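Comments concern the structure below.
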Amino acid sequence: HEIVRKEKANGGKGHIIIEHLLTKNELKEQCGMFAHVTLEPKFSLGYHEHHGNGEAYYITKGSGLYSDNGNIIEVKAGDVVFCPDGEGHGIENTSSSENLEFTALIINTVNKNIVATKLINLVAILF
């Protein structure tokens with residue numbers, strides 16, 4: 001698996017570590033990314049919008065704050081959040097000692113309903 005470290009991703013604090021679980025060739029044109037993401041304590045993935053795709057996070061470890069179009073909610077291990085096409089999100093690890101980890105899936109689409117259905121079906125199969 002390819003592992004990438006991105007500094008100040010989307011204007012966030014610190015860096016994020018992305019472990020790509022599937023290659024772009026394996027994803028074909030349907031998905032933009034399927035990866036395990038790690039945010040170390042006090043680091044964040046900055047707020048960004050999705051256009052032409054939607055993204056789901058399945059939180060696997062830790063806790064933090066998730067921005068859903070500017071509406072801040074607490075997230076913890078076991079939670080799933082979804083950002084549809086045309087909307088925005090970001091996430092921050094608020095812990096001072098524990099990593100926040102999540103599985104990220106970006107599905108390419110031109111239709112929000114198709115993305116939501118695909119993500120729900122995939123999450124049900126995977127987890």
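The values are calculated or read from the model by the stated rules, or taken from the named source; none is laboratory data. The structure presented is a predicted model; accordingly, all values stated were derived computationally and were not measured. Methodologically, a virtual Cβ is constructed for each residue, glycine included, from the backbone with ideal geometry; neighbour enumeration extends over all protein chains shown. These area figures cover heavy atoms from the full protein model, side chains too; ligands, DNA and RNA do not enter into them. Shrake-Rupley method; radii C 1.70, N 1.55, O 1.52, S 1.80 Å.
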Q) Using the alpha-carbon atoms, what tilt in degrees (0 to 90, nearest 10) does helix 112-126 show relative to the longest principal axis of the chain? A) 70 degrees
**Q.** Option label - mean projected area of the Cα convex hull in nm² computed here, alternatives [x] 7.1; [y] 11.1; [z] 9.2
**A.** [x]
Q: Determine the distance separating the Cα centre of region 68-95 from the Cα centre of region 1-44; give it in Å without decimals.
A: 16 Å
Q. Once the piece of chain linking Glu87 and Asn10 is laid out straight, how much longer is it, given 0.36 nm per residue of separation minus the C-alpha distance between them?
A. 26.2 nm
Q. Between Lys61 and Glu19, 0.36 nm times their residue separation minus their Cα-Cα distance comes to what?
A. 13.6 nm
(Q) Let me check against my output: what whole-number percent is the relative contact order of the chain, with C-alpha pairs under 8 Å and at least 6 apart? (A) 27 percent
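Let me know the charge dipole size of the chain about its Cα centre in debye, to the nearest 20, where only the beta-carbon of Lys, Arg (+1) and Asp, Glu (-1) is charged.
Result for the chain is approximately 120 debye, rounded to the nearest 20.
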Q) What FRET efficiency do you get for Ile120 and Glu2 if R0 is 22 Å and r is their Cβ-Cβ distance, rounded to the nearest 0.05? A) 0.20
Q.
Given a 1.4 angstrom probe, what's the average accessible area per residue across the chain, in square angstrom?
A. 54 Å²
Q | Sequence-distant residues sharing a close amide H with Asp68 (under 5 Å, placed H) | A | Ile73
**Q.** Computed helical MRE - 222 nm, the chain, DSSP H runs ≥ 4 contributing -39500 (n - 2.57), nearest 500
**A.** -4500 deg cm²/dmol
Q: Quantify, in whole percent, the carbon and sulfur part of the accessible surface of region 34-94 (1.4 Å probe; protein heavy atoms only).
A: 49 percent
